[in-house]
Number of protein chains: 2
Amino acid sequence: MEKVLILGHKNPDTDSICSSLVMERIAKIYGIDAEAVRLGNINKETEYVLNYLGIEPQRQITVAEEGQKIILVDHNEAPQSIDGREKLEVIAVIDHHRIADFSTSMPLYYIAKPYGCTSTLLYEICKKEGLEIDKTMATLMLSAIISDTLLLKSPTCTKKDIEAFEELEKIAEIDAKTYGLDMLKAGTDFSMYGAAEVINLDAKEFNEKGKKIVIAQVNTADIQDVFTRKEELSFEIEKRIVDDGLDLFIFVITDIINSNSKIIALGTDKELAEKAFGKKLDNDDAMILEGVVSRKKQVAPQIIDAI
Amino acid sequence: MEKVLILGHKNPDTDSICSSLVMERIAKIYGIDAEAVRLGNINKETEYVLNYLGIEPQRQITVAEEGQKIILVDHNEAPQSIDGREKLEVIAVIDHHRIADFSTSMPLYYIAKPYGCTSTLLYEICKKEGLEIDKTMATLMLSAIISDTLLLKSPTCTKKDIEAFEELEKIAEIDAKTYGLDMLKAGTDFSMYGAAEVINLDAKEFNEKGKKIVIAQVNTADIQDVFTRKEELSFEIEKRIVDDGLDLFIFVITDIINSNSKIIALGTDKELAEKAFGKKLDNDDAMILEGVVSRKKQVAPQIIDAI
């Protein structure tokens with residue numbers, strides 16, 4: 001049978017990597033010759049998960065052959081997906097984001113629910129289909145939920161995420177709080193990265209009404225720690241804006257301990273950030289957003305509505 | 001709680017009407033204040049179903065208030081949906097068609113599977129969620145499956161449709177073959193309709209790469225019966241092309257007994273039909289398509305690929 005590739009989004013986060021690995025296992029149960037691949041580097045947080053499990057990162061790809069069958073997890077928007085996707089055949093999507101300009105020529109499986117994490121949806125599918133969840137699958141899904149919900153503290157976290165978290169914690173035989181805090185902390189260490197890498201660690205592109213926008217996010221235990229690198233970060237952001245013809249780049253620095261964020265907004269449309277959040281950018285082109293931790297719920301929709 | 005409207009597509013067929021009525025019942029089980037509405041007249045086939053069950057047709061609407069929460073069943077494409085949908089909030093989609101230019105600003109429930117009928121998916125949801133299916137719900141879903149799969153004979157019919165059909169037949173306590181044939185036959189009687197109505201009974205609009213296309217379909221027990229009205233039908237089709245600025249109108253007359261179709265193709269892009277099916281239109285702008293009964297699988301994708 002034809003091989004099916006399973007893809008998370010560009011700049012993959014823990015949910016994209018873990019959910020694609022779990023989806024590969026589910027597909028195989030159904031006799032599908034599936035392979036989870038990735039569209040970018042593994043970040044430090046995800047590296048912590050894979051090291052814990054002793055799993056090698058999946059193969060990285062940048063293009064696929066015309067007509068290649070693919071399953072998308074944790075995304076659907078074209079700018080966040082594999083380049084040239086219009087020439088591939090999407091046979092399934094498992095996601096928890098808004099849907100944007102999504103098109104196919106044939107019917108497909110599209111399962112999306114407004115949960116905090118793709119893995120919560122995969123957990124639900126396993127339960128409903130009566131599929132066995134082994135310790136590895138449970139750890140992968142649990143890690144994705146911890147990552148996307150910041151240990152159940154994000155406003156994106158739903159009852160379904162909490163239920164899945166509790167069940168998976170038992171199967172994985174992990175103290176999820178301790179494990180999760182270590183995992184999240186591992187993701188806040190990017191001292192080894194240059195500024196160009198930092199702004200791209202978890203960057204998502206949105207095309208809305210002709211506006212090209214990137215919203216990047218990093219987690220930290222201390223916002224000031226990251227903000228001291230503001231000059232080199234801004235330099236790289238400005239470079240990216242010119243190189244990719246962006247209208248706006250928002251860099252979100254999220255304090256995972258106190259659940260606040262500081263954003264830096266650059267680009268000709270930076271006043272969209274002011275409109276979106278109803279306050280002025282300071283002299284550093286920055287503003288504090290109290291209680292904001294979720295790009296998906298507390299940043300992206302506000303910016304999109306401001307357009 | 002805010003009321004949620006449940007909508008099938010314009011020119012509703014039996015699946016759109018029955019699935020919206022079943023979805024209303026499912027939503028109510030979850031405590032949602034839901035109301036199934038419709039975007040057009042009930043056709044003769046669906047009338048047979050509602051008469052059998054003693055159910056009044058749901059309320060018809062053409063517009064909804066800005067911000068109205070809606071659930072879509074049996075469609076997702078904007079031209080087939082309620083006018084001004086971009087100002088409404090789609091909270092869920094249950095569908096079995098390809099996805100085209102679909103966008104939301106927030107995450108939502110989107111459950112689509114490549115089954116022959118939306119009601120098959122609703123049946124599956126009821127089973128997996130442990131919801132009780134009463135006789136009325138079973139008859140509605142069974143009727144939708146009979147309609148969309150032409151009594152399991154269409155190439156769109158999947159194993160899942162057959163399974164649902166068999167289970168629902170038992171719950172509905174109906175001899176589905178006899179009931180189904182009567183139901184389908186009721187749908188082939190449109191002698192009482194003017195030509196303008198006939199071409200619009202089950203017409204779906206597709207916008208693809210700037211081309212505006214309508215593919216309409218009628219079922220019959222005798223193609224010649226319908227084709228004798230060719231002159232008045234063509235007149236109305238040409239009128240519709242001018243009025244709506246269409247590039248192509250394809251009228252599909254499907255013989256549900258012998259599983260063949262004859263199509264009439266009109267409009268400046270009528271050669272797309274020749275390209276799509278690899279044969280020439282005759283002097284009546286018509287061609288026979290042997291074994292073709294499904295617009296979704298055997299007509300629309302071919303035309304879309306030809307563009």
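Filtering the range A:9-56 to residues that are among the basic types (Lys, Arg) and either open to solvent by less than 30 Å² (accessible area, probe 1.4 Å) or within 16 Å of A:LEU122 (Cα to Cα) (or both) leaves A:ARG25, A:LYS28.
Is it the case that some residue within the range B:52-62 is in contact with a Phe, Trp or Tyr (Cβ under 9 Å, 6 or more places away or on another chain) and not in a helix (DSSP H, G or I)? No.
Could you tell me whether any residue of the range A:182-192 is part of a loop (DSSP other than H, G, I, E, B) and among the aromatic types (Phe, Trp, Tyr)? Scanning the range A:182-192 turns up at least one residue that is part of a loop (DSSP other than H, G, I, E, B) and among the aromatic types (Phe, Trp, Tyr).
Can you pull out the residues in the range B:255-268 that are open to solvent by less than 50 Å² (accessible area, probe 1.4 Å) and either at pLDDT 95 or above or of a type in the set (Ser, Thr, Tyr) (or both)? Across the range B:255-268, the qualifying residues are B:SER259, B:SER261, B:LYS262, B:ILE263, B:ILE264, B:ALA265, B:LEU266, B:GLY267. Quick check on A:ASP202: is it at pLDDT below 95, in contact with an Asp or Glu (Cβ under 8 Å, 6 or more places away or on another chain) and more than 21 Å from A:ILE303 (Cβ to Cβ)? Judged against the criteria, A:ASP202 is not a match. Does A:LYS113 satisfy the criteria of being modelled with pLDDT of 95 or more and in contact with a helix residue (DSSP H, G or I) (Cβ under 8 Å, 6 or more places away or on another chain)? So A:LYS113 fits the description; yes. Of everything in the range A:111-147 that's touching a residue at least 24 places away in the same chain (Cβ under 8 Å) and at the interface with chain B (Cβ under 7 Å from one of its Cβ atoms), which residue is least open to solvent (accessible area, probe 1.4 Å)? That would be A:ALA112. Within the range A:220-243, the presence of a residue that is in contact (Cβ under 8 Å) with a residue 40 or more places away in the chain and in contact with a strand residue (DSSP E or B) (Cβ under 6 Å, 6 or more places away or on another chain) is excluded.
For the range B:292-307, the condition holds for no residue, the condition being that it is out of contact with any helix residue (DSSP H, G or I) (no Cβ under 8 Å at 6 or more places or on another chain), surrounded by fewer than 14 Cβ atoms within 10 Å (Cβ to Cβ) and more than 14 Å from every other protein chain (Cβ to nearest Cβ).
Can you tell me which condition A:SER103 does not meet? The list is (1) crowded, with 20+ Cβ neighbours inside 10 Å; (2) small (Gly, Ala, Ser); (3) at the interface with chain B (Cβ under 7 Å from one of its Cβ atoms), and all the others hold. Failing condition for A:SER103: (1). Being open to solvent by 50 Å² or more (accessible area, probe 1.4 Å) and closer than 19 Å to B:SER294 by Cβ holds for only one residue in B:LYS209, B:LYS153, and it is B:LYS153. Number of residues in the range A:278-307 that are within 19 Å of B:MET106 (Cα to Cα), more than 18 Å from the chain's Cα centre (by Cα) and either among the basic types (Lys, Arg) or modelled with pLDDT of 95 or more (or both) equals 0.
Filtering B:VAL214, B:VAL252, B:VAL242 for residues that are of a type in the set (A, V, I, L, M, F, W, C) and either open to solvent by 50 Å² or more (accessible area, probe 1.4 Å) or assigned to a helix (DSSP H, G or I) (or both) leaves a single hit, B:VAL242. In the range A:269-291, the qualifying residues are those that are in a helix (DSSP H, G or I) and buried (at least 17 other Cβ atoms within 10 Å of the Cβ), and the one that is nearest to the other protein chains (Cβ to nearest Cβ) is A:ALA276.
Check whether at least one residue in the range A:169-188 is at pLDDT 95 or above, under 20 Å from the mean Cα position of the chain (by Cα) and within 14 Å of chain B (Cβ to nearest Cβ), and report yes or no. Looking through the range A:169-188, none of the residues is at pLDDT 95 or above, under 20 Å from the mean Cα position of the chain (by Cα) and within 14 Å of chain B (Cβ to nearest Cβ).
The values are calculated or read from the model by the stated rules, or taken from the named source; none is laboratory data. Bear in mind that the values here come from a model prediction, so they are computed numbers and not experimental data. Heads up, the Cβs are rebuilt from the backbone with ideal geometry, glycines too, and the neighbour counts pull from every protein chain shown. These accessible areas exclude ligands, DNA and RNA; they are computed on the full protein's heavy atoms, side chains included. Shrake-Rupley method; radii C 1.70, N 1.55, O 1.52, S 1.80 Å.
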